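Below is one structure; the comments refer to it alone.
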Amino acid sequence: MLVSYSELCEQVVALDASIRFAGVANKMGKITASAYRSGLIPLLSKEETERTIPQYLLRLSPSPDLESKLGRPVYSVTAYEKIRRAIIPLYDPYGNTRSLLLVSFDIEASNHDSLIQDRILPLVRGNDDSHMPDRRNYQDWK
């Protein structure tokens with residue numbers, strides 16, 4: 001079932017107590033929807049978070065010749081000293097990245113990969129395969 005980006009962010013934050021933040025950014029690097037864990041004091045302002053987005057867009061944009069060999073990115077996780085941050089591309093029905101889902105986890109969260117693979121990706125993709133880069137590849141790495 002398709003939901004708004006605001007609803008998606010709320011649902012992601014509600015999945016686990018270790019999830020601090022969920023936000024959706026467009027390809028211009030602007031956050032269009034976000035949600036924080038209740039009572040959380042953010043480490044970065046919205047503007048500071050937006051300044052980090054171009055780095056992630058570059059990381060998730062391999063050259064076409066490499067993408068044909070490796071496939072499209074599914075997600076990327078960066079561990080910082082204070083948090084872990086995942087970036088998940090959101091694809092349009094044509095397979096193009098239309099926006100990014102940013103998810104921050106408490107640094108103590110040791111289960112972030114399983115949360116992403118087992119709970120966040122299915123939530124993001126829902127039952128609509130047009131959002132899944134390639135279901136066969138997803139099953140291969142899961």
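Odds and ends about this structure:
- Taking 0.36 nm per residue of separation and subtracting the Cα-Cα distance, full extension of the segment from residue 26 to residue 59 would add 10.4 nm.
- Compactness of the chain - radius of gyration and Dmax, Cα, Å: 14.4, 45
- Among 77-84, 64-71, 5-12, the order from most to least packed when residues are scored by Cβ within 10 Å on average: 5-12, 77-84, 64-71
- Mean Cα-pair separation over length for the chain, i.e. relative contact order, pairs under 8 Å, 6 or more apart, %: 25
- Over the chain: helical MRE at 222 nm, DSSP H runs n ≥ 4 each giving -39500 (n - 2.57), nearest 500: -9000 deg cm²/dmol
- Farthest toward the positive end of the dipole of the range 5-141, out of 70, 114, 17, is the Cα of 70, where the dipole comes from beta carbon charges about the Cα centre.
- Under a model in which nothing but the beta-carbon of Lys, Arg (+1) and Asp, Glu (-1) is charged, the chain shows a dipole of about 180 debye around its Cα centre.
- Angle between the chain longest axis and helix 46-59 axis [Cα atoms, degrees, rounded to 10]: 20
- Lysine pairs in the chain with Cα atoms under 21 Å, if 8 or more residues apart or on separate chains: 4
- Net length available on complete extension from residue 66 to residue 51 is 2.7 nm, with 0.36 nm assigned per residue and the Cα-Cα distance removed.
- Note: the range 26-82, Cα convex hull, 114 Å³ per residue.
None of the figures in this text is laboratory data; all of them are computed from the coordinates on show. Because the structure is predicted, anything quoted here is derived from the model rather than measured. All Cβ positions, even for glycine, are placed from backbone atoms using ideal geometry, and neighbour counts span all protein chains on display.
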